[in-house]
Every structure is written in structure tokens, then in C-alpha cells.
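We did not get these values from a lab; they are worked out from the coordinates using the rules stated. These figures come from a predicted structure and were not determined experimentally. Every residue, glycine among them, receives a Cβ derived from its backbone with ideal geometry; neighbour counts consider all protein chains shown.
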Amino acid sequence: MTEFSDSSRKPTSIVAIGVGNRMRTYMHYVASHPEVARLVAVVEPDSIRRNAMADQFDIPEKYRYKDYRDYFKNPVEADVAFICTPEREHFEPCMEALRLGMHVLLEKPVAQTYEQCRLIDRAAKKAGKMVSVCHVLRYHPAFIKVKELVSSGKYGRIMTITHTEDVGIDRMTHSYVRGAMNTEAGNNPMLLAKCCHDIDFLVWLTDSNCKRLSSFGNRVWFRRENAPEGSATRCVNCSIEKECPYSAIDLYWRRRQWINNFDVPAGMTLDQVLSKELDEGVFGRCVYHCDNDVVDSQVMTMQMEDGSLITLCMDAFTRRDGRSTDIKMTHGEIVSDGVKIFVTDFLTGKREVYDFTEVCKQPFHAGADIKLVEGFLAAVRGDASTELPTTIADSLRSHRLCFEAERSRHTGTTITFTE
Ligand SMILES: NC(=O)c1ccc[n+]([C@@H]2O[C@H](COP(=O)([O-])OP(=O)(O)OC[C@H]3O[C@@H](n4cnc5c(N)ncnc54)[C@H](O)[C@@H]3O)[C@@H](O)[C@H]2O)c1
């Protein structure tokens, strides 16, 4: 395996494992920085995705693998692994990559249990390699600004934070009701799948450990018994489809939203793919007749060691898809909707506005996805001039709270941390 010092002199070699939406995003950076990084292998079961990525980077046939297990049985040498597989397939490839002595850029959440997260942390320490989890909010200009304002000392200390994750009904029905993230066993509980970013952000903001937490949540609405009269198991057969805000026909066909995941095979048009999906695929199902078991609303409250109190609310039933954070401090208030930040100084009464509207129009989460890859590769190459990536220790800290919040939700207890 190439050693750390070598990789600072030549492009860092990368194996891409799981070539879906996230990997395609991260590869934009690699494609435009050949002096920094070089893709050497593509691992992806879907032949359309595998070959499209491999063709773009001129990867020879023998380095196009169908599954990470095939790759690790017969690996081509690489400095780092980018792992963007579905959530249930993070632990094994990450451990294998560390075993081979690679640094890992790992999509969130780290793994499906806290014990697996700890094993990854231990394996990384033993191998002396970095595992960085893609907590994209830490690279997002508007969220970095909130952190800067909180840490400036100008507004005193945090008393309470009310943070809302508005999932939005389109994302909710696509990913968490009809789609691949709709079951806890097949994927993860919502709090990990969607809110591990939020909890990481909140822990980052307070820079304090959690003392006690509790959580409540259920799957209340997207259930069979709530199917309205006249509805059918598929939207194409539904007599009230036009009156339903969750219609798959409206989302994919009329509004053309959330269609990036539908690959168009050679010889087919997008319309044909969408029509087939609505007629036969999982995304054509009625939201009240799916196999989903993840919650559709959840709250979590935390008392931190520094005395601050945090409330996190995961809301599926919003038109907006975004986050808002309301921070009450001893000497001022900071209110952010993820785009604009309003700050009020109690002493002067002055109100300042930081407007990220234009920045947020930039692709790839306002450029944060690209900064994340840039930061990770810079750290691998020993270049300290770029922002350091989030460490596995950071993720361990926030993931633990997600797992414990789930324990609280299931057992109806308040969790107290003693260490
Ligand atoms: N950081 C973020 O902001 C963010 C946003 C969205 C998703 N994610 C996370 O990124 C990960 C991937 O999400 P996505 O939206 O790109 O999903 P995706 O379905 O588009 O991509 C996952 C890819 O992995 C492939 N795959 C499945 N099994 C595999 C195997 N055994 N070996 C190799 N490849 C395999 C799939 O075929 C698919 O192409 C998930 O963990 C998800 O939670 C993170």
C-alpha cells in the first residue's frame, strides 16, 4: 500500500465503492483535479452506473468490480476508498479498506450499530488511517457562519437551541416511505439516516457532551388504515390521485422531481422509464400501502454538560426541505433558516443579517460537498492549509447520541450519560 509521504507527491489514488448519487457528486472534484487525485477502480453492481463512471475515468475492464466483496478479494492498490454504498453496507467495506491500509471517506451514517462504529474507530486507530464521515453541514458556508457567530464570544453562552429538520413531503415519500430508506432493518432509523447530520451540527455548536436525553416518535400517518376512500395500492389506479399531495404521478411525472435515481438504459427514454416505474416499480406505490416502518415525526431533547438545552424536531410534513436553528444565548439571539442568519445583540439592540441566498444557489449543497472532498484529500496528502475533515471521533460522539435517542424512544426512558 502506498505510504502517507508518497501520496503527497503524486495524485492520491482512489477506489470508488458504490457509484450512485453521492459518489457522482464527489467525483466532480476528482475529475477537475487530476493533479490531486486519480480514480483507479470502480465498484458498483449496476452496470450502467459502473460503466458510465469507469468510462469517464478510463478505468480498464479488470478494475471495474461488481461488488465490494469482489474488490477486497482481489484489490488494485489505492491510497483511499470512497465508500458511498447504501447505509447497511458501510461497516464491512470500511473495515476491509482499513485492513488494507487505506484512508476512508465514508458516507453517513457510519454503521448500523454503535458497536460497529466503535470497531471502525478502533480499526482506524490501529491502522493509523483516517476515516472521515461526510457530515456535509460542517462544510456549508451558512452553517459555518452560525458556528463562527456562536463561538465568537460576543453573544455569551448558549442557553437553548431549537433546531428543526424539515424533511419535506417530497423527500419523505420518495426516500422514507416508498424508497430504499423506508425500513430500519434495511437501512436505519430516521434519526440516524436523516438527523445524524443535525445532531453532529448541534454537538459541534455547543462543543459540550450530552448529560441526559430523551426522544419520542412514531409512524403515525403513512399507514394502511389512513388510506382515504377511493385510493388504490398504486397511484396509476387511484381514483383520487389528483387530490393527493403525495401522488407519485405528480412528483415524478408532472413535476419531474426526485428523478435523478432513475437510470435510463440504452434504448429507453426517461418517459418510458418513469412510466414503467409508476406502473410496476416501488416508486409507483401508494404511500399508505408501502412496506415502510420508519417514523414520520420525531423529537429529541438533550441537556448538555454546559447547562444548555437542545430540542431537535424532525418534521416530515412540510413543503420546505431544509433546516432551521434558533439559538438563545445570554447576550444575544441567532436565528438561521439555513439561508439567512439573523443576529440580535441584546446590549446594543442591533440586528444583523447574513444572507447566503446566492451561495445556497450553488450546486452540491452550496459547494459543501466539494469542499468536503477537497479537505479530506488535503488531509490525506498532509496539506494543513485546507480545513481539516471531520474525524471518526467526531462522528462517534454524535452517532452515540442517535443510537441512545433511539433507545429512549423504544423504551420510553430518559438516558443519562455517566461518561
Ligand atoms: N452526506 C450527505 O449529505 C448525504 C446525502 C444523501 C445520501 N447520503 C448517504 O450516501 C450513501 C449513498 O447514498 P446515495 O444517495 O448515493 O445512494 P445511491 O443508491 O444513489 O447509491 C448507492 C450505490 O451503491 C451501490 N451498491 C449497493 N451495494 C453495493 C455493493 N455491495 N458494492 C458496491 N456498491 C454497491 C448501489 O448500486 C448504488 O449505485 C448513503 O449512506 C446515504 O445515506 C449522504
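Please check: in the Gaussian network model of the chain (C-alpha springs, under 10 Å), which one of Leu270, Leu191, Leu309 has the largest mean-square fluctuation.
Judging by the Gaussian network model, the answer is Leu270.
What chymotrypsin sites (Phe, Trp or Tyr not before Pro) in the stretch 233-341 are in a loop by DSSP, with at most 16 other Cβ atoms within 10 Å of the Cβ?
Within the stretch 233-341, the qualifying chymotrypsin sites (Phe, Trp or Tyr not before Pro) (loop, at most 16 other Cβ atoms within 10 Å) are Phe262, Phe317.
Please state the equivalent ellipsoid semi-axes for the stretch 224-289: what are the square roots of 5 times the Cα gyration tensor eigenvalues, largest first, in whole Å?
Sorted largest first and rounded, they come to 23, 11, 9 Å.
Starting from the Cα of Gln362, move 7 Å in the Cα-to-Cβ direction to define the label point; list residues of the stretch 147-179 whose amide nitrogen is under 20 Å from there.
147-149
Given a 10 angstrom Cα cut-off, can you work out which residue in Val264, Val36, Val339 is the most mobile in a GNM of the chain?
Of the options given, Val264 has the highest mean-square fluctuation.
I'd like the GluC sites (Glu not before Pro) in the stretch 357-409 restricted to DSSP loop residues with at most 16 other Cβ atoms within 10 Å, sorted by number.
For GluC sites (Glu not before Pro) across the stretch 357-409 that sit outside H, G, I, E and B with at most 16 neighbouring Cβ atoms in 10 Å, the list reads Glu387.
Can you spot the aspartates and glutamates whose alpha carbon is less than 19 Å from Lys371's alpha carbon? Ignore those fewer than 8 places along the same chain.
Cα-Cα hits under 19 Å: Glu35, Glu107, Glu148, Asp198, Asp200, Glu358, Asp383, Glu387, Asp394.
Which of the helices in the chain meet the span-like rule: DSSP H, Cα axial reach of 27 Å or more, Kyte-Doolittle mean at least -0.5?
Counting only whole DSSP H runs, no helix qualifies.
If you average the sequence gap of Cα pairs under 8 Å that are 6 or more apart and divide by the length of the stretch 279-419, what percent do you get for the contact order?
Value for the stretch 279-419: 9 percent.
Can you give the net charge of the other residues whose Cβ lies under 13 Å from the Cβ of Asp46, counting K and R as +1 and D and E as -1?
Result for the local shell: +2.
Report, in deg cm²/dmol and to the nearest 500, the calculated mean residue ellipticity at 222 nm for the chain, where each DSSP H run with n ≥ 4 adds -39500 (n - 2.57) and the sum is divided by the residue count.
Mean residue ellipticity at 222 nm (helix-derived): -9000 deg cm²/dmol.
Relative contact order for the chain: what is it in percent, counting Cα pairs under 8 Å that are at least 6 residues apart?
Computed over the chain, the figure is 22 percent.
Please report, in whole Å³, the volume per residue of the convex hull around the C-alpha atoms of the stretch 105-163.
146
Using Cα pairs closer than 8 Å and at least 6 residues apart in sequence, work out the relative contact order for the stretch 4-133, in percent.
22
If you stretched the chain out fully between Glu243 and Lys10, how much longer would it get, using 0.36 nm times the residue separation minus the C-alpha to C-alpha distance?
Result for the pair: 78.1 nm of gain on full extension.
Restricting to DSSP loop positions (anything but H, G, I, E, B) with no more than 10 other Cβ atoms inside 10 Å of their own Cβ, which trypsin sites (Lys or Arg not before Pro) remain in the stretch 220-327?
Arg256, Arg319
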